[in-house]
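Below is one structure; the comments refer to it alone.
Here, each number is a calculation from the coordinates, and none is a lab measurement. Predicted, not measured: the structure shown is a model, and the values here were computed from it. As a convention, Cβ positions derive from the backbone with ideal geometry for all residues, glycine included, and neighbour counts pool all protein chains shown.
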Amino acid sequence: MKTITTSQYSTIDFYMATLDEKTGDVHDTWENVTWSKCYDESNTLVKKQWNGVTLNLPQNYETKLIKRYGFNWKTPSNFNGNRHINML
């Protein structure tokens, strides 16, 4: 889902996913991508603080982002990433 941009607010994307709580795999149903082995050794997501907010991130999130979007994943681009693959 995507909100509409207004003169006051930018657009926001909402993505739906299914979670396999046993393995920690997350299947992004919109992009058809499986983010595998997202839990750390304590069976939870990695917690990082950013701008006063706690982010719940998958284990090895930088490796996953590189595999999905390439080594320049921090640079905005129009590339939507590799699809239909398992993200380790």
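Stretched out fully, how many nm does the piece from ASN43 to SER10 gain, at 0.36 nm a residue minus the Cα gap?
Separation in residues times 0.36 nm, less the Cα-Cα distance, equals 8.4 nm.
Just the number, please: percent antiparallel of the DSSP beta bridges in the chain, rounded to the nearest 5.
Roughly 85 percent of the beta bridges in the chain run antiparallel, per DSSP.
Using Cβ contacts closer than 10 Å as the measure, can you line up ILE66, ILE4 from fewest to most?
If I rank by nearby Cβ atoms, fewest first, I get ILE4, ILE66.
By count of other Cβ within 10 Å, fewest leading, how are ASP25, ASP13 ordered?
ASP13, ASP25
Hey, if you put +1 on the Cβ of every Lys and Arg and -1 on every Asp and Glu Cβ in the chain, which of THR44, ASN32, THR18 ends up farthest toward the positive end of that dipole?
Going by the charge dipole, the pick is ASN32.
Given the rule -39500 (n - 2.57) for each run of at least 4 DSSP H residues, summed and divided by the residues of the chain, what is its mean residue ellipticity at 222 nm, to the nearest 500 deg cm²/dmol?
For the chain, the value works out to -3000 deg cm²/dmol.
Which FRET efficiency value, to the nearest 0.05, is calculated for ASN72 and GLU31 with the Förster distance at 25 angstrom and r the Cβ-Cβ distance?
Efficiency, rounded to the nearest 0.05: 0.85.
Sort THR44, THR54 so the one with the fewest other Cβ atoms within 10 Å of its own Cβ comes first.
THR54, THR44
What does the charge count near ASP25 come to, summing +1 for each Lys or Arg and -1 for each Asp or Glu among other residues with Cβ under 13 Å from its Cβ?
The answer is 0.
Could you rank the peptides 68-75, 5-12 by their average count of other C-beta atoms within 10 Å per residue, with the highest value first?
Listed from highest to lowest mean packing, they are 68-75, 5-12.
Could you give the distance between the Cα centres of the range 3-25 and the range 51-70, to the whole Å?
If we compute the Cα centre of each part, the gap is 15 Å.
Viscosity 0.890 mPa s, temperature 25 °C: Stokes-Einstein D of the range 17-87 from its Kirkwood Cα radius, in µm² per second?
The calculation lands on 189 µm²/s.
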